Amino acid sequence: MVMEVTNINDISTGCVLVDFYTSSCMPCKMLNPVLEEISDRYKGLKVAKVEVTKNPDASQRFGVMSVPTVMLLQDAKVKEVTYGFSGKSNIVSMIEKHYAE
């Protein structure tokens, strides 16, 4: 399940894949089914979405300058980042490099 995050502290522990997005961004919308698939595949991995216009503090904290920005965090530390719609295979590669179930 992909969770919508309004408080960045909700994703401060563990391994979390975070999609920083806006509701009007078409590549962000294209990413939604990919995130759902990833959430179903990696059961222990938290998958979260952060609406940057509603959560400017989170965007600023992680230096998000464009959307979509997908980050893999471990205990709120950035492990890897992708910008734009990079496709499922790139996101899966990022996860498998840093996440062990």
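The values are calculated or read from the model by the stated rules, or taken from the named source; none is laboratory data. Here the structure is a predicted model, which means the values were calculated and not measured. Backbone-built Cβ (ideal geometry, glycine too); neighbour counts: all protein chains shown.
For segment 1-21, a residue qualifies if it is part of a helix (DSSP H, G or I) and among the β-branched types (V, I, T), and the qualifying residues are I8, I11. For segment 55-97, the set of residues classified as over 13 Å from Y21 (Cβ atoms) and touching an Asp or Glu at 6+ places or on another chain (Cβ under 6 Å) consists of L72, M94, listed by residue number.
Go through segment 10-33 residue by residue and tally those that are hydrophobic (A, V, I, L, M, F, W, C) and loosely packed, with under 14 Cβ neighbours inside 10 Å. Walk me through how you get there before you give the answer.
Residues of segment 10-33 hydrophobic (A, V, I, L, M, F, W, C): 11, 15-18, 20, 25-26, 28, 30-31.
Now narrow it down to the ones that are loosely packed, with under 14 Cβ neighbours inside 10 Å: 26, 30.
The total comes to 2.
In segment 34-52, which residue that is farther than 10 Å from M1 by Cα and in contact with a Ser or Thr (Cβ under 7 Å, 6 or more places away or on another chain) is surrounded by the fewest Cβ atoms within 10 Å (Cβ to Cβ)? Among them, the one singled out is E51. Checking S39, S59, S66, S24 one by one, the residue that is in contact with a strand residue (DSSP E or B) (Cβ under 7 Å, 6 or more places away or on another chain), on the phi < 0 side of the Ramachandran plot and part of a loop (DSSP other than H, G, I, E, B) is S66 and no other. Among the numbered conditions (1) at pLDDT below 95; (2) more than 14 Å from the chain's Cα centre (by Cα), tell me where V5 comes up short. So the condition that V5 fails would be (2).
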